[in-house]
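What follows is a single structure, written as structure tokens, with notes after it.
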Amino acid sequence: MPWERVRNVSVDREGDSSYTLKPRMKEVLHRVICDVKLKDNVKIVTFRSAFQIENMTHLPMELVMIDANNKQAAPVCKIRQCLLDTDMPQHLGLTRSTAFNGLKLLARVTHYP
């Protein structure tokens, strides 16, 4: 694992906390989010990326990452509209070597079953 252990993660309160991953990789400071929720008297602790996309429309969307040369850098990701209070994690198909190094995100509304 390229990063050091994250220490002193608090799960005493509901909410999101951001933790910096050390060391920097290629001069980029990465973060991980610890999300704590209480649902039906059960504490739910989720570790997730700091990068999050939410489709607030009533239509499905497609997302694609493109590089500085406008070439597709990852597979097309289809994101359906979510019901209220639901999370639908979606893998964007990025590798550590391509993740967000000058990439742009393009979105379009689609109609698929």
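The values are calculated or read from the model by the stated rules, or taken from the named source; none is laboratory data. These numbers come from a predicted model, not from an experiment. Cβ: placed from backbone, ideal geometry, glycine included. Neighbour counts: every protein chain shown.
Restricting to the stretch 9-41, count the residues that are out of contact with any strand residue (DSSP E or B) (no Cβ under 9 Å at 6 or more places or on another chain) and modelled with pLDDT under 90.
Residues that pass the stated criteria total 5.
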Practice problem: Quickly run through the stretch 25-53 and pick out the residues that are over 26 Å from ASP12 (Cβ atoms) and surrounded by fewer than 10 Cβ atoms within 10 Å (Cβ to Cβ). | Solution: LYS26, GLU27
Quiz item: Counting only residues that are of a type outside the set (Lys, Arg) and exposed (fewer than 12 other Cβ atoms within 10 Å of the Cβ), which one in the stretch 60-71 is modelled with the lowest pLDDT?
Solution: ALA68
Exercise. Just give me the residues in the stretch 13-36 being at negative phi, charged (D, E, K, R) and in contact (Cβ under 8 Å) with a residue 24 or more places away in the chain, in sequence order.
Key: GLU14
